[in-house]
Amino acid sequence: MQEHDGMNEHESRQEANAAGTSRWLVIAMLVLLGVAAVALGYGYRQETLVGHLTAQQSVSDSTISQMQGQLSAVTSKLNDMTAAQQAQAQAEAAKQADKKTTAGVAHAGARRPTATDKRYKQMQAQLADQQKQLKDTQDLVAKNRTDLEGNISSTRDELNGSIARTHEELVVLQKRGERSYTEFDLMKAKQFQRIGPLTLSLRKADIKHKNYDIEMIVDDNQLTKKKVNLYEPIWIHTENESQPVQIVVMRIEKNLIHGYVSAPKYRPSELATSGTASSLTPVSAHVPANGNDGQTQPSTNPPPQ
């Protein structure tokens, strides 16, 4: 009888252990499904951002191509007009030379008729007018070329954003007061370093090909960017920033990169607290009495987290 009771108690424990194991398996599966859903959502968001940027780049390339085509057409037309006018001027000059030679042989020592002199002066005046028109056309085309190139450069700047390639250009961007800039030197290491609103880790620096590999932690997600070129901006959209954060590397050395992180000046919560963005006091208004513009040099040390 006691043997029978012991067997029943043993079977009950086994059933309880099996039920506990099944419960933990169900919990683990639910956790895995949640992680997969979060990863899919983030991937879809990144894919949407990449598509938007690709569309903007396509529009800018199309605009630049159209402008370059118009510039080429104007240049070709100007070249044709110049060649035609030069050929006409040469033909007129040869014709006048032939007339002078014929008149000299037939009427040696005789005075040329007044009508011939008048016609010759008229042709000279016409040639001078044509040369003046040609010069005016060349000046106009040169001005249009300059304006067109300026528009192309402005379009590229607007699409690509302001990027500093040296420390002096970074200081100029800082003085605008539109964004905050954190200059950094990042060594190759497995540990992460806090720089501005981001946490970065350099994994590879290729001096020969001027590119690098970097890992970053954004909103508790670890991201990897490989073969990023020198001066190529990295745009990161975070949950706490109203505008994307930008990373630009200005120098690549052995196991080290030097660049800066650009972030919005104000967060959405700060803008909401102040009422409207227009009510914020501009940076240029806070000028000390000693004449300094109030701007500080970018620090290579990261701010406290």
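Here are a few things to note about the model shown:
- Scanning the stretch 38-57 turns up no residue that is farther than 27 Å from ILE236 by Cβ, part of a helix (DSSP H, G or I) and modelled with pLDDT of 80 or more.
- Only strands (runs of 3 or more DSSP E) whose full extent lies in the stretch 173-247 are considered here, and the ones with at least 3 residues that are under 21 Å from the mean Cα position of the chain (by Cα) are 179-187, 211-218, 221-229, 234-236.
- Of all residues in the stretch 182-200, those that are more than 25 Å from GLU241 (Cα to Cα) and charged (D, E, K, R) have Cβ atoms under 8 Å from Cβ atoms of residues that are assigned to a loop (DSSP other than H, G, I, E, B) and open to solvent by 20 Å² or more (accessible area, probe 1.4 Å), 6 or more apart or on another chain, in LYS188/ASN255.
- Check on ARG194, at pLDDT 90 or above, under 24 Å from PRO264 (Cβ atoms) and of a type in the set (Lys, Arg): yes
- For the stretch 197-221, filtering for residues that are at pLDDT below 90 and more than 16 Å from VAL261 (Cβ to Cβ) leaves 2.
The values are calculated or read from the model by the stated rules, or taken from the named source; none is laboratory data. Small disclaimer: the values here were computed from a predicted structure and weren't measured. Here Cβ is always computed from backbone atoms with ideal geometry, including for glycine, and neighbour counts include all displayed protein chains. The protein model used for the area step is the full one, side chains on, heavy atoms only, and it has no ligands, DNA or RNA in it. Shrake-Rupley method; radii C 1.70, N 1.55, O 1.52, S 1.80 Å.
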